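Peer 1: Questions regarding the structure given below will be posed in turn.
The values are calculated or read from the model by the stated rules, or taken from the named source; none is laboratory data. It should be emphasised that the depicted structure is a prediction, and the values quoted were computed from it without experimental measurement. Heads up, the Cβs are rebuilt from the backbone with ideal geometry, glycines too, and the neighbour counts pull from every protein chain shown.
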Amino acid sequence: MLASLRIPKDVEYSRALDAKVSWLHRRAPDTDIYFFANRTDRPQDINARFRVSGKEAELWHADTGEIEPAEFRIDGGHDEGVKYFSGTATYTTTMKVDRRWFRQGAGSRARILLNPGAVNDLAEVSVNGQVLGILWKWPYQVDVTGALKPGANQLEIKVTNQWTNRLIGDRSALLDRKVLAAGVPGFGPPPTLSDSGLLGPVTLVTVLAPAVRNRAP
């Protein structure tokens, strides 16, 4: 509904693949209050943007009551370069793999599949520096068994979106702020920005497949 009315999202934020974050928004008479909760047992580095302008930002620590200034920037209500970004974004994280995931059952072998969830529009998956393929259609799924090892593993997912958002941005920008070399023709209001990037959730699934045995001729 908001997209059809050309209203930006209330909250947008970037986070690590394994981060679990909940948030809510409420308004006081002259204040917007956004409550963020980190649902993991480790610190998280989150870059967020809010549909608020003309106000100073502060950090209020719910556990101590401490208040401190927050670093922020207002740019037309939102970070313009990110808003109209078209290209490749890289997501990385360290994931721990249990040794038991590799165990084989009787007459079967274990396979571990990675599913990045919703992706817009192409995803290149690498595990421990090994490129495992490019996902471009549903289901976005790749076999990562051979690249994984028990313990810590480095996961990297590069997601490339279409040029649609950049074209929309250039239609809306002044001449000296356009990115593309050629002009972008168009009449009427620009179309709605499309969702881009790794939307998730990213999951690992262990499946059992029949073992293949070589037989003597």
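Peer 1: Identify the single condition in (1) at pLDDT below 80; (2) over 27 Å from residue 95 (Cβ atoms); (3) exposed (fewer than 11 other Cβ atoms within 10 Å of the Cβ); (4) touching a strand residue (DSSP E or B) at 6+ places or on another chain (Cβ under 7 Å) that residue 26 does not satisfy, given that it satisfies every other one.
Peer 2: Failing condition for residue 26: (1).
Peer 1: Just to be sure before I move on: is residue 144 under 24 Å from residue 98 (Cβ atoms), at pLDDT 85 or above and within 22 Å of the chain's Cα centre (by Cα) in the structure I sent?
Peer 2: Criteria met by residue 144.
Peer 1: Can you name the residue in region 106-165 that is of a type in the set (A, V, I, L, M) and free of Cβ contacts under 8 Å to residues at least 12 places away in the same chain and, of all such residues, is nearest to residue 91 (Cα to Cα)? Give the steps one after another, and end with the answer.
Peer 2: From region 106-165, those of a type in the set (A, V, I, L, M) are 106, 110, 112-114, 118-119, 122-123, 125, 127, 131-132, 134-135, 142, 144, 147-148, 152, 155, 157, 159; that's our starting set.
Filter once more, so that each one left must be free of Cβ contacts under 8 Å to residues at least 12 places away in the same chain: 106, 131.
On the way: 106: 37, 131: 14 Å.
Here the answer is 131.
Peer 1: Still on this model: What residue, among those in region 147-159 that are more than 20 Å from the chain's Cα centre (by Cα) and on the phi < 0 side of the Ramachandran plot, is surrounded by the fewest Cβ atoms within 10 Å (Cβ to Cβ)?
Peer 2: Once the filter is applied, the top-ranked residue is 152.
Peer 1: Scan region 50-69 for residues that are of a type in the set (S, T, N, Q) and at pLDDT 80 or above and jot them down.
Peer 2: Answer for region 50-69, where residues must be of a type in the set (S, T, N, Q) and at pLDDT 80 or above: just 64.
Peer 1: Please verify whether region 102-111 includes one or more residues that are surrounded by 10 or more Cβ atoms within 10 Å (Cβ to Cβ) and modelled with pLDDT of 80 or more.
Peer 2: yes
Okay, residues lined up against (1) at pLDDT below 80; (2) farther than 30 Å from residue 123 by Cα:
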{"site": "13", "(1), (2)": "yes, no"}
{"site": "30", "(1), (2)": "yes, yes"}
{"site": "37", "(1), (2)": "no, no"}
{"site": "40", "(1), (2)": "no, no"}
{"site": "48", "(1), (2)": "yes, no"}
{"site": "71", "(1), (2)": "yes, yes"}
{"site": "85", "(1), (2)": "yes, no"}
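Peer 1: If residue 175 satisfies all but one of (1) modelled with pLDDT of 55 or more; (2) not assigned by TED's automatic domain parsing to the domain that holds residue 133, what's the number of the condition it fails?
Peer 2: Among (1) modelled with pLDDT of 55 or more; (2) not assigned by TED's automatic domain parsing to the domain that holds residue 133, residue 175 violates only (1).
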